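The values are calculated or read from the model by the stated rules, or taken from the named source; none is laboratory data. Since we're looking at a predicted model, the values are computed, not measured. Glycine also receives a Cβ, built like all others from the backbone with ideal geometry; neighbour counts cover every protein chain displayed. Ligands, DNA and RNA are stripped out before the accessible areas are found, and what is left, the full protein with its side chains, is counted by its heavy atoms. Shrake-Rupley method; radii C 1.70, N 1.55, O 1.52, S 1.80 Å.
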Amino acid sequence: MGLFSIDYRLAPERPFPAAFEDGLAALRAHNQAVWLIGDSAGGGLGLALAVALPEKVRGVVAFSPWVDLALTAPSFIENAAQDPVLMRAQLQRAAAAYLSGAAPHDPRASPFYADLSRLPPALCALDGAAAVLEVQGAAYQDLAGNRGLEDTRLQVRPARPRPAARRSLGAGRCAPCWARQCRRLAQRPCCRPC
């Protein structure tokens, strides 16, 4: 199993849906199904792409994914004091810059609002360092579970700096190590064959 990185266009210079369209184009051009791995907004993008083109995605590993650009989750208010990094006003500015006038409930931008019935196996790994995203990721996992998707899991690690959390979950490993990690996730008894 090889790894490749999608060099997608970034906001605010290239706002939504540029990154999503670049991701779709890359998946369509690839000759086999792949695993999508992303962090924060990249984790949200990976989940949105997986829902949009599930036949090209074996699974998703999303580190503290940002899945709700509408910022409707109660976690944004409830965890404000616990999360000095991701403040609501800052996230509103980031979402506005990315969306550039597009609807924040568009499932291509906010997979929380997507039809998850076609979601491939997914692991939402939350490092606990970003309380706002932790609760949002938990809400996403609950939503997937409520829709009967048993092959979506949530893994929460104790709060610690993000690089340390990524290392403990396997980020920064070589391609063969990532391949082993992805195969282990795919071999869970609840997963459907890809």
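Legend: calculated FRET efficiency, Ala96 to Glu13, from the Cβ-Cβ distance at R0 = 22 Å, rounded to 0.05, equals 0.90.
Amide H contacts for Asp39 (H built 1.01 Å from N in the peptide plane; partners 5 or more residues away or on another chain; cut-off under 5 Å): Phe63. Here Asp22 sits with roughly 40 square angstrom of accessible surface, probe radius 1.4 Å. Scanning residues 5 or more positions from Leu123 or on other chains, those with amide H under 5 Å from its amide H are Val60, Val61, Ala62, Arg153, with H placed 1.01 Å from N in the peptide plane.
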